[in-house]
Amino acid sequence: MKEAEGIGKTYEEALNDGLKKIGLPKEKVTVEIIKEPKKRLFSILDSREVKIKLTEMECIEEIEEVKHVAKEYEKPSEEDIENAKNVARRFLNDYFKNLGINLAIDMVETENALKIDLSGDKAGLVIGYRGETLEALQVLISNIANKGRDRKVRIIVDAEGYRKKREKTLEELALKVANTVSSKKRSISLEPMVAFERKVIHETLQNHPKVKTSSVGEEPYRKVVISLK
């Protein structure tokens with residue numbers, strides 16, 4: 001993934017400088033402002049330099065990745081689902097026992113997934129910082145429950161409704177940043193997020209009339225960039 005810095009007296013000059021260095025059109029890069037002139041009353045002696053960082057956009061977005069992954073979960077049988085339930089429950093019981101905590105495990109079948117809801121006083125321990133532990137636990141359970149199976153069962157793990165609450169927060173953030181991008185006409189990079197959170201941002205803004213989203217970076221520092229269409 002290409003990166004370059006652009007420098008100029010104005011944003012446009014810095015952008016043109018950066019595009020020449022990176023060798024890509026504006027539509028294929030995201031822009032992050034590193035330095036810009038301060039707007040003060042007595043600023044005649046302040047630096048007029050604008051410095052930006054250009055990063056090549058990646059072609060495959062989380063939404064496309066999710067669609068691709070979804071194809072792997074093709075109509076598991078009732079037996080497949082029941083086996084996944086049993087394996088997941090045994091694993092979680094052992095996991096909680098080793099942690100010394102007692103959490104209720106509720107499993108619900110939906111049209112395209114097996115949802116596992118965890119609840120109890122110590123649920124925060126399996127959520128972790130911004131859901132990182134919960135995300136890792138979901139991946140681990142999915143791998144264990146689907147090991148050696150051709151028809152995989154999609155598994156979603158939640159605790160105390162964390163995912164729903166986080167989704168609402170992210171949707172509000174996405175719309176707020178989109179308005180800022182539209183008004184200032186500059187791209188904004190969000191902080192690194194796990195795949196589930198990036199997916200929420202992409203889906204919230206996929207039909208926005210003025211902005212688009214892309215993902216840059218490698219895990220665990222992969223982040224969403226919101227830019228003008």
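The values are calculated or read from the model by the stated rules, or taken from the named source; none is laboratory data. Predicted model, so just to flag it, every value in this text is computed and none were measured. For neighbour counting, all protein chains shown are included, and Cβ atoms are generated from backbone atoms with ideal geometry for every residue, glycine included. Note: accessible area is taken over every heavy atom of the protein model, side chains too, but ligands, DNA and RNA are not part of it. Shrake-Rupley method; radii C 1.70, N 1.55, O 1.52, S 1.80 Å.
Shape class of the chain from the Cα gyration tensor (axes a ≥ b ≥ c, square roots of the eigenvalues): prolate, since a/c reaches 1.5 or more and a/b is larger than b/c.
The alpha carbon centroids of region 73-143 and region 177-227 are separated by 29 Å. Legend: calculated FRET efficiency, residue 167 to residue 87, from the Cβ-Cβ distance at R0 = 41 Å, rounded to 0.05, equals 0.90.
Assuming a ≥ b ≥ c are the square roots of the Cα gyration tensor eigenvalues, decide whether region 158-229 counts as rounded (a/c under 1.5), prolate (otherwise, with a/b larger than b/c) or oblate. Oblate is the answer for region 158-229, as a/c is 1.5 or above yet b/c matches or exceeds a/b. What region 110-173 shows is 59 Å² of accessible area per residue, with the surface traced by a 1.4 Å probe over protein heavy atoms. Our summary gives the chain a relative contact order of 17 percent, counting only alpha carbon pairs under 8 angstrom and 6 or more residues apart. Positive contributions from Lys and Arg (+1) and negative ones from Asp and Glu (-1), summed over other residues with Cβ under 14 Å from the Cβ of residue 91, come out at +4. Percent of accessible area on region 174-228 owned by carbon and sulfur, 1.4 Å probe? Solvent-exposed carbon and sulfur of region 174-228 make up 53 percent of the total. Under the classification rounded if a/c is under 1.5, otherwise prolate if a/b is larger than b/c and oblate if not, where does region 124-202 fall, given a ≥ b ≥ c as square roots of the Cα gyration tensor eigenvalues? It is prolate, given that a/c is not under 1.5 and a/b is the larger ratio.
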